[in-house]
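Asks: This is the structure I want to talk about, given as structure tokens.
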Amino acid sequence: MVVETQNNIIRSGFIFLGILMINYAHGQDLNKHLWKNRVLLIMSQNENSKEYQDQIAEFYKFPRELKERKMLIYHVLPQRYTLIKDPVDPEQNEWVSSSALFDKFAGKNVDFKVVLIGLDGGNKLEKNGLLSAEELFGTIDSMPMRRAELNKKRNR
């Protein structure tokens with residue numbers, strides 16, 4: 001009985017470590033952008049929802065402005081996510097099977113959410129409704145690091 005209990009504890013420990021390692025590995029996907037890019041997560045329970053599709057369309061109207069602000073966009077669904085490399089041909093984007101990003105940033109009771117993550121890795125804006133490009137760019141442009149980028153650009 002004692003040996004069986006110890007084995008169950010050991011098995012539970014390995015399962016817990018496995019879950020931690022999976023979450024850590026997928027967290028690393030975002031950590032690789034620290035100090036290089038701002039990240040926008042567009043999350044939805046349903047990739048065919050109007051809100052999700054409208055949000056994607058809103059930002060793809062502004063490729064130059066996104067690039068200028070060092071923006072990367074992730075599409076995050078409950079069981080998978082992708083970093084958008086080619087908004088014109090989404091089939092070219094590689095999807096990763098994982099619920100880690102959705103669970104971490106949206107949770108099970110959220111139908112739709114947009115999260116802006118700054119250069120420092122901190123959450124700068126969260127919204128459970130459509131985010132306009134104007135609001136996104138205004139938020140970014142008011143950040144101290146963005147103002148420093150603009151000042152540096154002006155002084156060249």
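The values are calculated or read from the model by the stated rules, or taken from the named source; none is laboratory data. On a predicted model such as this, the values are computed, not experimentally measured, just so you know. A quick note on method: Cβ atoms are made from the backbone with ideal geometry, for glycine too, and the neighbour counts reach across all protein chains shown.
Asks: So residue 155 ticks every box in (1) within 23 Å of residue 62 (Cα to Cα); (2) over 16 Å from the mean Cα position of the chain (by Cα); (3) loosely packed, with under 12 Cβ neighbours inside 10 Å but one. Which box is left unticked?
Replies: (1)
Asks: Return the total of residues in the stretch 27-50 being crowded, with 17+ Cβ neighbours inside 10 Å and of a type in the set (Asp, Glu).
Replies: Going through the stretch 27-50 one residue at a time, the tally reaches 0.
Asks: Give the residue, chosen from 81, 52, that is aromatic (Phe, Trp, Tyr), touching a helix residue (DSSP H, G or I) at 6+ places or on another chain (Cβ under 8 Å) and either modelled with pLDDT of 95 or more or under 21 Å from residue 110 (Cα atoms) (or both).
Replies: Testing whether each residue is aromatic (Phe, Trp, Tyr), touching a helix residue (DSSP H, G or I) at 6+ places or on another chain (Cβ under 8 Å) and either modelled with pLDDT of 95 or more or under 21 Å from residue 110 (Cα atoms) (or both) leaves just 81.
Asks: Still on this structure, please answer the following. Under 9 Å by Cβ, and 6 or more places apart or on different chains, what pairs join a residue from the stretch 32-51 that is farther than 24 Å from residue 67 by Cβ and without any contact (Cβ under 8 Å) to a residue 40 or more places away in the chain with one that is among the aromatic types (Phe, Trp, Tyr) and crowded, with 17+ Cβ neighbours inside 10 Å?
Replies: As it stands, the answer is none, since no pair meets every condition given.
Asks: Another question, if that's okay. Do any residues in the stretch 127-156 that are touching a residue at least 40 places away in the same chain (Cβ under 8 Å) and closer than 17 Å to residue 67 by Cα have Cβ atoms under 7 Å from those of residues that are of a type in the set (Phe, Trp, Tyr) and assigned to a loop (DSSP other than H, G, I, E, B), where the two are at least six apart or on different chains, and which pairs are they?
Replies: From residues that are touching a residue at least 40 places away in the same chain (Cβ under 8 Å) and closer than 17 Å to residue 67 by Cα, the pairs are 133/62.
Asks: Got at least one residue in the stretch 25-37 being in a strand (DSSP E or B), under 14 Å from the mean Cα position of the chain (by Cα) and at pLDDT 95 or above?
Replies: no
Conditions (1) surrounded by 12 or more Cβ atoms within 10 Å (Cβ to Cβ); (2) touching an Asp or Glu at 6+ places or on another chain (Cβ under 8 Å); (3) over 29 Å from residue 148 (Cα atoms), marked per residue:
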{"position": "55", "(1), (2), (3)": "yes, no, no"}
{"position": "67", "(1), (2), (3)": "no, no, no"}
{"position": "79", "(1), (2), (3)": "no, no, yes"}
{"position": "98", "(1), (2), (3)": "yes, no, yes"}
{"position": "104", "(1), (2), (3)": "yes, no, yes"}
{"position": "124", "(1), (2), (3)": "yes, no, no"}
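Asks: Would you point out the residue of the stretch 107-118, among those that are at pLDDT 95 or above and part of a loop (DSSP other than H, G, I, E, B), that is nearest to the chain's Cα centre (by Cα)?
Replies: First pass over the stretch 107-118, keeping only residues at pLDDT 95 or above: 111-118.
From the residues that got through so far, the ones that are part of a loop (DSSP other than H, G, I, E, B) too are 111, 118.
On the way: 111: 15, 118: 11 Å.
So, considering only residues that are at pLDDT 95 or above and part of a loop (DSSP other than H, G, I, E, B), the one nearest to the chain's Cα centre (by Cα) is 118.
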